[in-house]
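Peer 1: Have a look at the structure that comes next, please.
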Amino acid sequence: MGGESSMGALVPSVNSKGTNSKMQPPTEELDKDMLCPICMQIIKDAFLTSCGHSFCYLCITTHLRNKNDCPCCYHYLTNNHIFPNFLLNKLLERTYARQAAKNASPYEHLRQALQQGCEVSVKELDGLLTLLAEKRRKMEQEEAERNMRILLDFLCSLRKQKLDELNEIQTDLQYIKEDINAVERQRIELCRAKDRCSLKLRMFADDPNSLFVTQSGPVASKKKWAQAQFNDLQECYLQKRRNWVRQAYKEEEKDTDIMNREGYNPGLEDFQSVLTNFTRYSRLRAVAELRHGDLFHSANIVSSIEFDRDDELFATAGVSRRIKIFEFSSVMNEPADVHCPVVEMSTRSKLSCLSWNKYTKNHIASSDYEGIVTVWDVTTRQSIMEYEEHEKRAWSVDFSRTEPSMLVSGSDDCKVKIWCTQQEASVLNIDMKANICSVKYNPGSSIHVAVGSADHHIHYYDLRNISQPLYVFSGHRKAVSYVKFLSSNELASASTDSTLRLWDVKDNLALRTFRGHTNEKNFVGLTVNSEYIACGSETNEVFVYHKAISKPAAWHRFSTDLENGEDDAGSYFISAVCWKSDSPTMLTANSQGTIKVLVLAE
C-alpha cells in the first residue's frame, strides 16, 4: 500500500509539467519572493493576502478550507481577504518569456524574428539558406557514415560467425572422413573374417547355399529407422566426437593416443554403441498380462510397481489400500486369469509409492495419502516401522542403495525427511517452499538426494549441508512429478509439461529434453536403466526413449475392453512403469488396474 501511495504522489507533478505550456525557470534563479510559502514552487496565479503575503491561488484556498489564518504570520484570514496580485503575475510572465528566449534554439529565434516582422535582405536570406543547405548535407553525411559503420559491424560479425561455422563444418567433415575410413577398414576385416568362416563351413555343409541367407529385411528396416531419427543421431554423433577431441586436448594428448582400435576414435565407438542399441529395438511387445482388481473400478489404479533386489518378485500398490507381491516367473508362465499374489498386506490409506530395500530382500517401504511412511517385512507381512511426522500426503519414498538402513520421503507438507530404520524419529528434515512430488537417493552416494518439486525445479542436496541445495536444475514449465538416476552422474526427471529431461548432476548440466508422450495432470510413472528411459502417457500408452535421442524409440498402447456400454476410454492413462534391471523387459500398469509385461523387440 505504501508503494502505491508513493507512486500516486508522483503523478500530479508529471501531469502539471505536461499541461503547463510555459517553461518554468529554475527556482534557484528567482527571488525567494516569487516562491509560494506553501508548496515552495514558483507561484502560479498569484493572490495577495490582506497581511501582504503572496501565494498560489490553489494553495491558499486549500489552506483556508482547513484554517482561518495566514500560513506566514498567522494573521486572521478568510477567502474575503485575498486578492489577485496582478503585478507579481506580470513579473512572472516576463521571467518566463526571458527564460524561454534564453533556452530557445536558433531555429526558434529565427522563427520569432520573422514573425515579429524583422527586416531581412534577399542577400542575407540567400546566405542563410546556403548555410542551412551545408548544415543539412553535413548532417546527412554524418548519418550515412553512422549507418555504414553499423552495416560494416554487422557484416563483420556475420562473416566471423559464418567463418566459425565453416571451420566447425570443415572440422566435422574431417572427423567424418576419418571415421568413414576407419569403418571401411573395420568392415573389410569383418568381411575377410566372415569369408574365412564361410570357407570352413562349406566343408561341412551338405547344401552350401543354405548357410548364406542374407537378412536384407532387418537391415533395411534398421536403416529406415535410423533415417527417421537422422537429426537426433547426427547431433549425438557430433557431440560425442567433439567431446572426445576436447578431452584429448585437455589431457594434452595427440589424436593417435585416443584410438582404441586402429584408426577408431572412442567418440565413434560411443556413437556406434548408441546407434546399435537404438536400432536394435523399434517396438514394445506384450508377453504377459494380469488384472490387479475388478475391471473399470476406480480403486484399481496402480500408483507404484517395483522389482525386488533379485528381480524375482515385484510389488504393486495403489488406491486399493493393498500391497500385493507377485512372483515374476509365475506371471510369465501362467495364464492371465490365475495370477494370485504370493503376499498381500492391507494398509489404512491409499498408497502412493513403494521402494524395495536393495540389501535386505524382504524389506519394502511405502508412503501413503495420510503422510505415513511404513517399512514392511514381506516374510512376516507385518510393519517394522511406521513414521507419522508428515502432516500431509506423502508422495514418494526411497531406500538408499549404499546405506540400506536409510530412506528418504517427500510430502505435500513441503518437507523432505530422512529416516533410519533403527530410529523411531526422522534424523534430518529439509523445509522447502513447495510441495514435494518425488525424492531419490543417488545410487552411488548416501549423502546426495534429488528432489522433484511443484515449483518446476529439481533440487539436488548434499545432506551434509541442507541450508541450500547443491544444484537447482531448471527447465521444466510445470511440476516435476518424478526423478530417477540412470547412474551416479545422470538424472532423469518427468513433469506435467509433457517432457522428460536428462541432467548431469556432476557438472550441473542439462543434457537433453525428450518429447512424444502426453502428461498434463496425472502421475504416469517413470523408470530408467543404464540406456533407456520409459514413462507412461495420458493416452494410455507407454513410451521408451534412448537416453541419447530425444524422440521415442518405441511405444505400446494398452487396449481397453469397453463393457456395459462405457465409453470413457479416453480417461485411462498409464500409472506406473518399472524396468527389470538392465534387461529389455519392463512392468507397466494403467488406471484400469491392468498390468502388462512388455519387452523391447525388433
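The values are calculated or read from the model by the stated rules, or taken from the named source; none is laboratory data. Only a predicted model underlies this, so the values are computations on that prediction, with no experimental measurement involved. Counting neighbours? That spans all protein chains shown, and the Cβs are built from the backbone with ideal geometry, glycine included. Surface areas here come from the heavy atoms of the whole protein model, side chains and all, with no ligands, DNA or RNA. Shrake-Rupley method; radii C 1.70, N 1.55, O 1.52, S 1.80 Å.
Peer 1: What tally of residues in segment 357-370 results from selecting those that are within 17 Å of residue 318 (Cβ to Cβ), of a type outside the set (Asp, Glu) and surrounded by 22 or more Cβ atoms within 10 Å (Cβ to Cβ)? Quick ask: steps written out before the conclusion?
Peer 2: Let us first name the residues in segment 357-370 that are within 17 Å of residue 318 (Cβ to Cβ), namely 364-370.
Checking the rest, the ones that are also of a type outside the set (Asp, Glu) come to 364-367, 369.
Adding the requirement that they be surrounded by 22 or more Cβ atoms within 10 Å (Cβ to Cβ) leaves 364-367.
Going through segment 357-370 one residue at a time, the tally reaches 4.
Peer 1: In segment 249-283, which residue that is of a type in the set (A, V, I, L, M, F, W, C) and touching a Pro at 6+ places or on another chain (Cβ under 9 Å) is modelled with the highest pLDDT? Spell out the reasoning first.
Peer 2: Filtering segment 249-283 down to residues of a type in the set (A, V, I, L, M, F, W, C) leaves 258-259, 268, 271, 274-275, 278.
Then keep just the ones that are touching a Pro at 6+ places or on another chain (Cβ under 9 Å); that gives 258-259.
Values: 258: 49, 259: 52.
Taking the candidates together, the pick is 259.
Peer 1: Could you list, in sequence order, all residues of segment 491-515 that are crowded, with 19+ Cβ neighbours inside 10 Å and in a strand (DSSP E or B)?
Peer 2: 491, 492, 493, 494, 495, 499, 500, 501, 502, 503, 512, 514 - these are the residues of segment 491-515 that are crowded, with 19+ Cβ neighbours inside 10 Å and in a strand (DSSP E or B).
Peer 1: So which residues in segment 431-458 are within 23 Å of residue 576 (Cα to Cα) and outside any loop (DSSP other than H, G, I, E, B)?
Peer 2: Within segment 431-458, 436, 437, 438, 439, 440, 441, 449, 450, 451, 452, 453, 458 qualify.
Peer 1: With the requirement that a residue be farther than 12 Å from residue 268 by Cβ and either in contact (Cβ under 8 Å) with a residue 24 or more places away in the chain or surrounded by 12 or more Cβ atoms within 10 Å (Cβ to Cβ) (or both), what does segment 186-201 give you? Lay out the reasoning, then the answer.
Peer 2: Within segment 186-201, the subset farther than 12 Å from residue 268 by Cβ is 187-201.
Scanning segment 186-201 gives 189, 198, 201.
Peer 1: Which one of 544, 524, 483 is of a type outside the set (Lys, Arg), in a loop (DSSP other than H, G, I, E, B) and buried (at least 24 other Cβ atoms within 10 Å of the Cβ)?
Peer 2: Details: 544 fails: in a loop (DSSP other than H, G, I, E, B); 483 fails: in a loop (DSSP other than H, G, I, E, B).
None of the others qualify; the one that does is 524.
Peer 1: Here's another thing I want to ask about it. Give the residues of segment 381-402 that are open to solvent by 80 Å² or more (accessible area, probe 1.4 Å), assigned to a loop (DSSP other than H, G, I, E, B) and over 25 Å from residue 525 (Cβ atoms), sorted by residue number.
Peer 2: Scanning segment 381-402 gives 381, 388, 391.
Peer 1: Could you figure out which of (1) among the β-branched types (Val, Ile, Thr); (2) open to solvent by 20 Å² or more (accessible area, probe 1.4 Å); (3) in a strand (DSSP E or B) isn't true of residue 518?
Peer 2: That leaves (3) as the condition not met.
Peer 1: I'd like to check something: does segment 301-317 contain any residue that is in a loop (DSSP other than H, G, I, E, B), modelled with pLDDT under 90 and of a type in the set (Asp, Glu)? Spell out the reasoning first.
Peer 2: Restricting attention to segment 301-317, the residues satisfying the condition of being in a loop (DSSP other than H, G, I, E, B) are 301, 308-312.
Next cut, modelled with pLDDT under 90 only: 301.
Keeping just the survivors that are of a type in the set (Asp, Glu) gives none.
The answer is no, given that none of the residues of segment 301-317 is in a loop (DSSP other than H, G, I, E, B), modelled with pLDDT under 90 and of a type in the set (Asp, Glu).
Peer 1: If I filter segment 198-209 for residues that are modelled with pLDDT under 85 and within 37 Å of the chain's Cα centre (by Cα), do I get at least one hit?
Peer 2: Narrowing segment 198-209 to residues modelled with pLDDT under 85: 198-209.
The next check asks that each one be within 37 Å of the chain's Cα centre (by Cα); those that pass are none.
Taking every residue of segment 198-209 in turn, none turns out to be modelled with pLDDT under 85 and within 37 Å of the chain's Cα centre (by Cα).
Peer 1: Of everything in segment 446-475 that's small (Gly, Ala, Ser) and in contact (Cβ under 8 Å) with a residue 24 or more places away in the chain, which residue is farthest from residue 357 (Cα to Cα)? Full working, then the answer.
Peer 2: Taking segment 446-475 as the starting set, the residues that turn out to be small (Gly, Ala, Ser) are 446, 450, 452-454, 467, 474-475.
Within this subset, residues satisfying the condition of being in contact (Cβ under 8 Å) with a residue 24 or more places away in the chain are 446, 450, 452-454, 475.
Working: 446: 14, 450: 18, 452: 21, 453: 24, 454: 27, 475: 32 Å.
The residue in question is 475.
Peer 1: Here's a follow-up. Which condition breaks for residue 53 when tested against (1) in contact with a strand residue (DSSP E or B) (Cβ under 9 Å, 6 or more places away or on another chain); (2) surrounded by 11 or more Cβ atoms within 10 Å (Cβ to Cβ)?
Peer 2: Evaluating residue 53 over (1) in contact with a strand residue (DSSP E or B) (Cβ under 9 Å, 6 or more places away or on another chain); (2) surrounded by 11 or more Cβ atoms within 10 Å (Cβ to Cβ) leaves (1) as the failure.
Residue-by-condition table, conditions (1) in a loop (DSSP other than H, G, I, E, B); (2) in contact with a Gly (Cβ under 6 Å, 6 or more places away or on another chain); (3) closer than 22 Å to residue 523 by Cβ:
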residue: 329; (1), (2), (3): no, no, no
residue: 340; (1), (2), (3): yes, no, no
residue: 344; (1), (2), (3): no, no, no
residue: 352; (1), (2), (3): no, no, yes
residue: 355; (1), (2), (3): no, no, yes
residue: 358; (1), (2), (3): yes, no, no
residue: 365; (1), (2), (3): no, no, yes
residue: 374; (1), (2), (3): no, no, yes
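For (1) in contact with a His (Cβ under 6 Å, 6 or more places away or on another chain); (2) at pLDDT 95 or above; (3) not β-branched (Val, Ile, Thr), each residue gets a yes or a no:
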residue	(1), (2), (3)
510	no, no, yes
522	no, no, yes
557	no, no, yes
560	no, no, no
571	no, no, yes
577	no, yes, no
583	no, no, yes
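Peer 1: Within the set of pairs 6+ apart or on separate chains, which have a first residue in segment 94-105 that is at pLDDT 75 or above, a second that is acidic (Asp, Glu) and open to solvent by 80 Å² or more (accessible area, probe 1.4 Å), and C-beta atoms under 8 Å apart?
Peer 2: What qualifies is 99/29.
Peer 1: Condition first: within 25 Å of residue 287 (Cβ to Cβ), open to solvent by less than 10 Å² (accessible area, probe 1.4 Å) and at pLDDT 95 or above. Can you find one or more residues in segment 327-335 that meet it? I'd like the intermediate steps shown before the answer.
Peer 2: Restricting attention to segment 327-335, the residues satisfying the condition of being within 25 Å of residue 287 (Cβ to Cβ) are 327-335.
Those still in the list that are open to solvent by less than 10 Å² (accessible area, probe 1.4 Å) too: 331.
If we keep only those that are at pLDDT 95 or above too, we end up with none.
Checked against the condition, which is being within 25 Å of residue 287 (Cβ to Cβ), open to solvent by less than 10 Å² (accessible area, probe 1.4 Å) and at pLDDT 95 or above, segment 327-335 yields no hits at all.
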